[in-house]
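Undergrad: Sharing a structure with you now.
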Amino acid sequence: MANFNKVLLIGNLTRDPELKHTPSNQAVASIGLAVNRNYTTKDGEKREETTFVDCEAWGRQAEVMSQYLAKGRPVMIEGRLKLDQWQDKDGNNRSKLRVVVENFQFLGGRGEGGGGGGGGQGNYAQAGGGGNPPVEEDPIPF
């Protein structure tokens, strides 16, 4: 049976990227993305639905996203779904679905949606071998 795990999202950042480093000094950024869907009900009423998606970027991508993206800035993210599982302090099993960023593209112009610099339409695709965390690292819950 074939497997395919690919996500494409275009939305606006809900907060500034949060950059951290693992004990082995690997950069990881937590990014919140809001993706809107406009639709019309069968009664002709226009509505908007917003989905909030947690994303994480690793390595050089994390550093670039943290440097040039800011709250409100539009971005396109290409990645894969990843399920994080852990036990909370009370021993309950918890899980969270995230998108691991494999590529991204800046959208909009300078100063659009929260500023952030970096400007123009650019493309950043896995420079520095980025995208995937080292196997020995545990996921970092944000």
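Undergrad: Stick to the Cα atoms of region 45-86, pair each with every other, and give me the Kirkwood hydrodynamic radius in Å at one decimal.
TA: Taking the inverse mean of 1/r over all distinct Cα pairs, region 45-86 comes out at 13.1 Å.
Undergrad: Moving on. Assuming a ≥ b ≥ c are the square roots of the Cα gyration tensor eigenvalues, decide whether region 18-114 counts as rounded (a/c under 1.5), prolate (otherwise, with a/b larger than b/c) or oblate.
TA: oblate
Undergrad: Okay, next question. Beta carbons within 10 angstrom, averaged per residue: use that to sort the peptides 54-66, 12-24, highest first.
TA: Highest-to-lowest ranking by the protection proxy: 54-66, 12-24.
Undergrad: Continuing with this model, one more query. With the Cα gyration tensor of region 72-111 in hand, convert its eigenvalues to equivalent ellipsoid semi-axes via √(5λ) and list them largest first in whole Å.
TA: The three semi-axes for region 72-111 are 32, 13, 5 Å.
Every read-out reported here was derived from the displayed coordinates using simple, explicitly stated rules and does not represent laboratory data. These numbers come from a predicted model, not from an experiment. Positions of Cβ are generated from backbone atoms using ideal geometry, with glycine treated the same way; all protein chains shown enter the neighbour counts.
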